[in-house]
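Let me begin by presenting the structure, written as structure tokens, before commenting on it.
The values are calculated or read from the model by the stated rules, or taken from the named source; none is laboratory data. A quick note: this is a predicted structure, and the numbers were derived from the prediction, not measured. Cβ placement follows ideal geometry from the backbone for every residue including glycine, while neighbour counts extend to all protein chains displayed. To get the accessible areas, we keep the full protein, side chains included, count just its heavy atoms, and leave off ligands, DNA and RNA. Shrake-Rupley method; radii C 1.70, N 1.55, O 1.52, S 1.80 Å.
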Amino acid sequence: MVTSDKIASDLAWLTQRLGYGLTPDEQSQLEGIRPATLLARWVDPESHGLVIPPDPFEGLSEPIPLSLKDEELANQRQMISEQYLEAWLNELLTTADPLLEWMTFFWHDHFAVTKTAVGDPLTMANHISLLRQHARGNFGDLLRAVTVDPAMLIFLDGSLSVGEQPNENFGRELMEVYSIGVEHYTEADVAAVASALTGWEIPEGDTGAAVFSAWRHDDTPRTLLGVSGVHDVETSLDVILGHPALPGFIAGKLAKAILGNDFDVNQVPEFAEVFARHDLEISPLITVIAQAGLDKTNRSSLVRHPVSWLINALKTTGAQLSFDDQSHFLRTSNMLPGQPPHVGGFPAPKDYLSASCTAVRFTAAGKIAHLTPRDSLVWAAATSGDWDALATLLGCSAGFSDALLFTLRELWVNVPIRKHGISCLTLALASPDLLMV
Amino acid sequence: MNENLNRRRFLYLAGGATAAAATGAAAWAGLLREQVNGAPTLTLPGLTTTTTSMTPTTTTSLAPGQGPKNPVLVIVQMQGGNDGLNTLVPLNGRYQDLRPTLALGDHEMLDLSDAQDFALHPALAPLLPLWENNLLTGVTGIGIPGQGRSHFTASDSWHSGRTSPETTGWLGRWLDATANGPANPLRAVSLGGGAPILTAESQLSTIINSPRNFRLSTPPGSDSEAIVAAFLQTASPLSGDPTLAAAQMAIPSTLEAIEVLGVDSGVTADEPPEENYTSLLDTAAGLIDLDVGTEVIVVSVHGFDTHSDQRSRQEKLLANLAAGLASFHQRLEANGHADRVLIMTTSEFGRRVQENASGGTDHGTAGAQFIIGPNQGIIGQVDLDNLVDGDVPIAVDTRSMYATALDWLGGPTDEILGKKYDRLLDNLP
């Protein structure tokens, strides 16, 4: 017999670990739904009669005219780039398909392409759209598409890599960070794959597909990871995608992201086996990992990263925080979507416990509390001192910690009645409890 | 629209307003410590932790201007792998043969008096006065044997000082080994992002991405004092959940660091957020001026991974590095701290000797670093006739530079590095 507490805890875990929290309405719609059902719907919405939302970047902007130069070009890029970011943040907040956005962000962190390197905002947006398109699809398709994606070709210098002197930047990260891990290749493999991947370039002013120029390419057959005859993108990726280390490498990374401190390295072979058996389809991998999380009874908490904290706070309170304030918070937290700080992606969760992040979170909590609608359930709970209700609404299904409860009660007694809502909601949002997922 | 909490307000809200204001940071720190006094000591695998059993009687070391004039180590990280060959240029014909487009011309490089075999990248001109005053040492051919060419494995080796997997940084181990009395979160401060070299088993350090944005604001209509005091109070009692406990422990140290470092006035959202060496080292100088017991400062800037367009990219970065270091050192001298501060640059690897066709260089092994302190000269060598896999061979072990730094801090050097390494400088105090 599964208790209702366990079901509530499972639902909260799923929606927080594979999404960024729920509005009060979304919370109430989940009543009576079993966690396994929710997981199945999230992993494969279409087979449950749900519609996959359109790409939020679709048709958002025209290409920037080639005639623009210098300052005008920079301004135009900045403006369009902000349009995309705003559309992205809005989609994270309002999507009917949370797992699609969560997985898109997972791949964004995995490939870590940054607009700082890419420059053109449409090229960057197309890259994110590509990640979204394959987010729950086939990893082989995703990796092949990313390899010749203009944003990636710019980011890791593939578009500059020519036959006589290949640039190793992408070839190395392709194996080390994107597919099999550092212990499975040699320096000779880096040189071989770098040569095989030469020849791709991006026609100037074109934000569409990259083109292959045979004269820039070194077609000499080489040995990659023990397989001979590798000479181009297709043969390189055949070898890499067929490498026995790949399923475990990708499965391990996704499992760490979902399971956090409950990640058990001994479970990776099981996840990898499922992934390999399904020809690198991502959905079955998500399912088996999430199910492993649901099967646990005493789950550990994980530090919630700034995107997750922000979206959860906005969803649960209904606060309409301005785009400028949202992007300022994310930038100063070192987690601006579209700008991972380096090729390793965004910082590890525990890095968001830094003094910097603690300070900007406190300030953002105050702004969000200030903008929380006064007729909302969250506001009512904060003003009336109903801490259990407040905890549930804010996504802490097991209630607040003793430290926070004690502090909230004392604050509620110490500040004038008219300041109850703003003070207690600010504190709850800024608290360590809301940083746990 | 937001009310910014400035230093004075902090002191006020810390309670006992006038007494606190009179003694400054020490009083605030004392109050922080009273708040968390009695909390259990935790050791959490994989998380930066602190000892929270602090007592208010031991806060005198934090009083501005009254602390011991301790030695300070400043590590300046060039993240991404700086090209050592074009930084500290070896003056032999092979260099220009091997770098047909990227090599600096003879007329571009800056001569170093008394050093026949090396010259400086022109963007490093602001460092020349330090050389002339016997305060600059170049270390070339430096690396860790077996460090690899991956950003991640090489960084791990440089951060830990070991080639085997290691969860702590070499300076984190020093913080642990020399912990004495109450934890002072400002003992080790990282500016410009995370600093794995400070990762310790038990000691906490303060990580600030952007000093310019390091402040607290509270919403209009709220009771600022009450909310900040309550925020501090959420740190105790510590939860039995280690992740939640780590998040709780971050709060007192953050408030303490803001009290010392936080800016008073609002920074508008449209101000460019990028920090660089000049701005970060300016904050570092301010921290040393405050004399709040800071012993280690780490400053990090990304962007040295110059696979393409290296000439202009490296030039900008080195120019900013040199300008930042020169003004930092001037300020140390003006305020009487120069004699107790040792500065070292680091970078996870040097770059490949052969350039690629994108006007850049790929990942290599040995690189070049600088030490600013009581010494002058060039240590190490660049043997371009005996490249290892196309890389400059390692002539100086990075751990020798670390050993020199740890000696400066007072050790125990060999214990922390697990082996006795040669020292690079011989006339340290």
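For B:Val72, A:Val227, the ranking by accessible surface with the largest value first comes to A:Val227, B:Val72, using a 1.4 Å probe. For a straight C-alpha distance cut-off of 14 angstrom, the aspartates and glutamates reachable from B:Lys419 (same-chain residues fewer than eight places away being disregarded) are B:Asp397, B:Asp407. For A:Ile52, the solvent-accessible surface computed with a 1.4 Å probe is close to 60 Å², ligands and nucleic acids excluded.
Taking θ as phi - 60° and the Karplus parameters 6.51, -1.76 and 1.60, the scalar couplings of region B:317-332 work out to 5, 5, 5, 5, 4, 5, 4, x, 5, 5, 6, 4, 5, 4, 5, 4 Hz in sequence order, x denoting glycine and proline. Compared with the rule-of-thumb size 2.2 N^0.38 Å for a compact globular protein, region A:306-435 has a Cα radius of gyration ratio of 1.06.
Checking the Cα-Cα distances for A:Lys256/A:Lys315; A:Lys6/A:Lys296; A:Lys6/A:Lys253; A:Lys256/A:Lys296; A:Lys6/A:Lys350 against a 20 Å cut-off, the pairs over it are A:Lys256/A:Lys315; A:Lys6/A:Lys253; A:Lys6/A:Lys350. Most tightly packed first, judged by the mean number of other beta-carbon atoms within 10 Å of their residues, the peptides A:12-22, A:66-76 read A:12-22, A:66-76. Placing a label point 7 Å from the Cα of A:Arg374 along the Cα-to-Cβ direction, no residue of region A:317-348 has its backbone N under 13 Å from that point.
Sorting A:Glu91, B:Glu108 on solvent-accessible area from highest to lowest, probe radius 1.4 Å, gives B:Glu108, A:Glu91.
Under the simplified labelling scheme, the B:Asp389-B:Lys69 pair shows an inter-label distance of 4.8 nm, with each label point 7 Å from Cα along Cα→Cβ. Neighbouring Cβ atoms from other chains, within 10 Å of the Cβ of residues in A:346-352, number 4 on average.
Within 10 Å of the Cβ of each residue in B:352-360, the mean number of Cβ atoms contributed by other protein chains is 5. Applying 1/(1 + (r/R0)^6) with r as the Cβ-Cβ distance of A:Ala40 and A:Glu273 and R0 = 30 angstrom yields a FRET efficiency of 0.90.
Interface area, chains B and A: about 4800 Å² of buried accessible surface, summed, with a 1.4 Å probe and ligands, DNA and RNA left out.
In a simple Cβ point-charge model (Lys, Arg +1; Asp, Glu -1; nothing else charged), the protein assembly as shown has a dipole of about 2460 debye relative to its Cα centre. Surface composition of chain A: carbon and sulfur atoms hold 53% of the protein heavy-atom accessible area at a 1.4 Å probe.
Taking the Cα centre of region A:306-435 as origin and assigning +1 to Lys and Arg Cβ atoms and -1 to Asp and Glu Cβ atoms, the resulting dipole is close to 220 debye. Between A:Ala209 and A:Phe406, with labels modelled 7 Å along Cα→Cβ, what's the label distance in nm to one decimal, could you check? Distance between the two pseudo-spin positions: 6.4 nm. Principal axis analysis of the Cα atoms in the protein assembly as shown yields extents of 80, 69, 54 Å, listed in decreasing size. Set the Förster radius R0 to 45 Å, insert the Cβ-Cβ distance between A:Asp141 and B:Arg423 as r into 1/(1 + (r/R0)^6), and round the FRET efficiency to 0.05. The formula returns an efficiency of 0.20 here. Here's how it looks for B:Val298: its modeled amide H is under 5 Å from those of B:Ile75, B:Val189, B:Ser190, B:Leu191, which are all 5 or more places away or on a different chain. A straight chain from A:Glu26 to A:Asp388 at 0.36 nm per residue would run longer than the Cα-Cα distance by 128.5 nm. Shielding by partners for peptide A:336-342, expressed as the average number of C-beta atoms from other protein chains within 10 Å of each residue's C-beta, is 2.
To the nearest 10, the accessible area of B:Asp383 is 50 Å² with a 1.4 Å probe.
Excluding ligands, DNA and RNA, the accessible surface per residue across chain A is 39 Å² with a 1.4 Å probe.
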